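So the structure is just underneath, and the comments pick up after that.
The values are calculated or read from the model by the stated rules, or taken from the named source; none is laboratory data. Everything numeric in this text was worked out from a predicted model, so none of it was measured. We place every Cβ from the backbone using ideal geometry, glycine too, and count neighbours over all the protein chains shown. To get the accessible areas, we keep the full protein, side chains included, count just its heavy atoms, and leave off ligands, DNA and RNA. Shrake-Rupley method; radii C 1.70, N 1.55, O 1.52, S 1.80 Å.
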Amino acid sequence: MNAVINRIKENNKVKIVDNIEDDQNKVVDLILELYRDKKLVPVICDDMFEYKNPNTGELQSLHSHIVEEIIKNNQFPLELTETELDDIVKENYYGMSLLENKVRRPLYKDVYTTVVNKGEIKEGIQLKRIVTDFLKVCQFPLIVTTSCFGIIEKDIDGYEEVWKKYKVKDSIDKLPEKCVYHIFDKAAIGNSNWGYNERQILNYLSSYEGDYSLTMLKSIIQNGEKTLLILGNDTPDWMFRFILKNINGGELYNDNIGLYIGENIDRENAALNLFLKDIHFDKNQLDEVLEGVTEGIRAINNGGNNDNGGNNKRYDIFLAHASEDNEITRNLCQIIDNHALKSWVDYNDIRDGNYWQRIINGINNARYFMPIITGNYINKIKTREDLDKILNELRIDINNLNAVSCLRLENRGVSGVQIELLLATIRERNINNGINNAPRESYSLPVLVLGSEFRCLPIDVKMINTWSEDSRMLPENLFGAIQLNTYDRLNPNNFTIEWERYRNNQL
């Protein structure tokens with residue numbers, strides 16, 4: 001078997017990926033190169049949109065929100081169990097057909113009214129933040145989307161919308177200089193040319209012949225030798241083939257390399273994976289790749305000066321908290337967002353695998369670290385002596401933590417709160433040692449929740465200073481002699497920090 005593998009590796013036409021992390025770094029470099037050469041066209045697919053509940057701040061996929069609203073607002077002849085609903089949500093477009101067959105009635109009107117209210121996209125329906133950041137930084141002249149709703153135009157200024165509807169040349173001279181091209185027609189009640197099941201999609205794809213705007217789109221992509229960057233397409237594999245053919249035009253089986261970036265790359269979909277390899281598409285994890293690309297493009301736009309401690313970080317503040325304090329953290333997160341600061345919090349920014357890698361990326365891509373100090377938070381922290389004992393037994397170097405070593409610590413009973421403190425300590429040291437070329441007064445913005453107790457004693461500044469002496473429990477570089485901000489649960493709107501200072505990095 002090894003001899004066979006070695007012979008395959010010797011064939012330069014066959015790509016062997018031995019290390020996913022290294023491969024993703026190569027993909028980031030490739031995307032940056034294509035961006036510099038103006039040869040990249042992003043294709044934003046339907047699972048790149050989400051619903052953020054305006055009241056709770058909770059996030060879910062747009063498709064999941066649509067299905068839940070349909071079930072909630074209709075009296076169906078058949079009851080759906082929680083397991084059935086979960087299966088329907090996971091199946092995406094197949095799921096909509098499944099649901100439609102189960103309730104024995106068309107659902108397109110329900111889908112439309114879930115997303116659109118009086119002609120406008122409803123509050124809370126938006127692009128995922130990681131995609132918004134990417135598109136805003138890149139300012140692509142052409143964005144293609146499979147969405148039949150104008151969500152991208154709502155979130156990103158300066159783009160004209162183009163819908164697939166121009167049947168004759170005289171109807172349109174050329175595509176706008178900056179446009180979002182919707183390869184499906186605009187959603188409307190009674191308009192069957194946008195599909196949420198297989199039959200509608202197939203009927204619609206058969207109508208592409210003779211569309212002049214689509215001819216121009218294909219010409220831009222083919223003649224400019226553009227590379228398609230497919231972001232987050234979770235449609236069934238056969239449907240993706242039809243969509244790709246109509247966007248790309250020409251022959252699929254050529255030497256052009258495409259990029260397929262999704263959130264669920266580990267799901268079992270052998271047919272799609274084989275097809276992507278066959279047409280030379282690389283399939284990679286969405287968050288890690290887009291984070292790297294966005295930072296790289298910011299550096300390009302800044303003349304190559306990638307100051308990792310400054311304003312080009314993707315987030316302003318990483319919120320570290322105990323899970324029992326989610327409500328407090330959610331309120332703080334909303335206040336921070338309302339002051340035009342970008343916050344990172346786990347329940348918003350982690351929704352699938354690679355948990356510790358996402359935490360590491362979040363800490364490294366945030367300008368400030370904000371621990372939310374409560375009794376729940378302190379209760380999850382071991383003494384330095386106990387922690388060192390575990391580190392020594394596991395032979396883990398505290399200065400070289402990665403996702404694997406974080407998971408090993410967690411399995412040994414070290415809390416997520418404490419592992420985040422270890423990661424933030426490393427990050428702070430790197431900043432002040434000049435590794436990231438950004439020395440500052442303080443990287444930590446600790447917040448003490450008023451009225452918090454630990455072992456029946458009120459937590460105050462003196463207690464925190466004692467715990468941070470010689471890093472006995474709290475790391476001294478994150479808590480010692482650092483100004484504490486306070487949060488009053490009874491008066492949350494009174495919470496304030498020097499907003500302009502942290503927004504503009506004026507330390």
> Counting just the residues of the range 305-329 that are at pLDDT 90 or above and under 26 Å from Leu135 (Cα atoms), which one comes out surrounded by the fewest Cβ atoms within 10 Å (Cβ to Cβ)?
Replying inline: Ile317
> Across the range 409-418, what is the number of residues that are surrounded by fewer than 14 Cβ atoms within 10 Å (Cβ to Cβ) and in a helix (DSSP H, G or I)?
Replying inline: 1
>> Please go through the range 334-345 and give me each residue that is among the hydrophobic types (A, V, I, L, M, F, W, C) and open to solvent by 10 Å² or more (accessible area, probe 1.4 Å), ordered by number.
In response: Ile335, Ala340
>> Six or more apart or on different chains, Cβ atoms under 7 Å: show the pairs whose first residue is in the range 380-399 and loosely packed, with under 12 Cβ neighbours inside 10 Å and whose second is assigned to a helix (DSSP H, G or I).
In response: Asn399/Ile426
>> Every residue in the range 132-155 that is in a loop (DSSP other than H, G, I, E, B) and of a type in the set (A, V, I, L, M, F, W, C), please.
In response: Phe140, Cys148, Phe149
>> Please pick out the residue among Lys128, Lys118, Lys109 that is modelled with pLDDT of 70 or more, on the phi < 0 side of the Ramachandran plot and surrounded by fewer than 16 Cβ atoms within 10 Å (Cβ to Cβ).
In response: Lys109
> Considering the range 59-84 alone, what residues qualify as being modelled with pLDDT of 80 or more, open to solvent by 30 Å² or more (accessible area, probe 1.4 Å) and not aliphatic (A, V, I, L, M)?
Replying inline: Gln60, Ser61, Glu69
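So that you can scan it fast, the table gives a plain yes or no per residue for (1) in contact with a strand residue (DSSP E or B) (Cβ under 7 Å, 6 or more places away or on another chain); (2) hydroxyl-bearing (Ser, Thr, Tyr):
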residue: Asn361; (1), (2): no, no
residue: Ile378; (1), (2): yes, no
residue: Ile396; (1), (2): no, no
residue: Leu409; (1), (2): no, no
residue: Arg412; (1), (2): no, no
residue: Ser415; (1), (2): no, yes
residue: Glu420; (1), (2): yes, no
residue: Val447; (1), (2): yes, no
residue: Ile459; (1), (2): yes, no
> For the range 456-477, how many residues are touching a residue at least 24 places away in the same chain (Cβ under 8 Å) and outside any helix (DSSP H, G or I)?
Replying inline: 5
> In the range 40-60, how many residues are assigned to a loop (DSSP other than H, G, I, E, B) and within 30 Å of Asn223 (Cα to Cα)?
Replying inline: 1
> Is at least one residue of the range 13-21 assigned to a helix (DSSP H, G or I), at pLDDT below 85, under 30 Å from Ile247 (Cα atoms) and open to solvent by 40 Å² or more (accessible area, probe 1.4 Å)?
Replying inline: yes
>> Go through (1) open to solvent by less than 20 Å² (accessible area, probe 1.4 Å); (2) among the hydrophobic types (A, V, I, L, M, F, W, C); (3) at pLDDT below 90 for Leu507 and report which single condition fails.
In response: (1)
>> Looking at Ile426, Ile419, Ile390, can you tell me which residue is at pLDDT 85 or above and within 22 Å of Asn326 (Cα to Cα)?
In response: Ile419
